[in-house]
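Data first, discussion second: the structure below is written as structure tokens.
What follows draws every value from the coordinates through simple rules; no lab data is involved. Only a predicted model underlies this, so the values are computations on that prediction, with no experimental measurement involved. FYI the Cβ positions are ideal-geometry reconstructions off the backbone, even for glycines, and counts take in every protein chain you see.
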Amino acid sequence: MTSAMRLRPPDNRVSPRAMVQWGLEYLLGWAIAFGLAVGAAAWIDASRWVGFPPALVARIWWLPPLVAALGVVSALVAPVWRYRVHRWEVSSDVIYTRAGWFNRHWLLVPVSRIQTVDTEQGWIERILGLATIKISTASHEGSSKVAGLPVQIAVRLAEELAGRAHDLRDDAT
């Protein structure tokens, strides 16, 4: 009788500052949505647009506060949820990541398959001292990224992975 194998969570969490980054990113996105909701409400209210039922047009100004409330809840809840799920680990021969919201996505990338390792920093990451590493392979599904790492760890990890991948390719030829 065989027991089903279970993947354990990768050992490392991203930086807690990643929650601030993600929260700010959500707030910025929802701020744009709020602006669009205000514009749409003003346009619909001013034109008394006949494309909507009159009861909806009469309550159109509920839209911006609803969008704002959803944005605040999203910016407060989603980063914490994301932080609890997103993990990473690098062993001698594999990069292991876990991500996902409702559906979990475990990805194991063999170091020997790495083609490129990139480190990038958006402006919010730069302010918070964070970075993202992107690990590319020949396979779309084999490519991975780890966001929310402290800059020093991301740079060191990218250099280490690129060096290991290079050494493994040289051994194979």
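For this structure, a couple of remarks:
- Length released on extending from Ile127 to Asp93, taking residue separation times 0.36 nm less the Cα-Cα span: 9.0 nm
- Charge dipole of region 37-101 about the Cα centre (unit charges at C-beta), most positive-ward option of Val72, Pro53, Val90: Pro53
- Those chymotrypsin sites (Phe, Trp or Tyr not before Pro) in region 37-130 that DSSP places in a loop and that have at most 11 other beta carbons within 10 Å: Trp101, Phe102
- Sum of -39500 (n - 2.57) over DSSP H runs of 4+, divided by residues of the chain (222 nm, nearest 500): -17000 deg cm²/dmol
- Estimated at 0.36 nm per residue, the fully extended path between Gln152 and Trp106 surpasses their Cα-Cα distance by 14.1 nm.
- Shape box of the chain [Cα atoms, principal axes, largest first, Å]: 72, 49, 29
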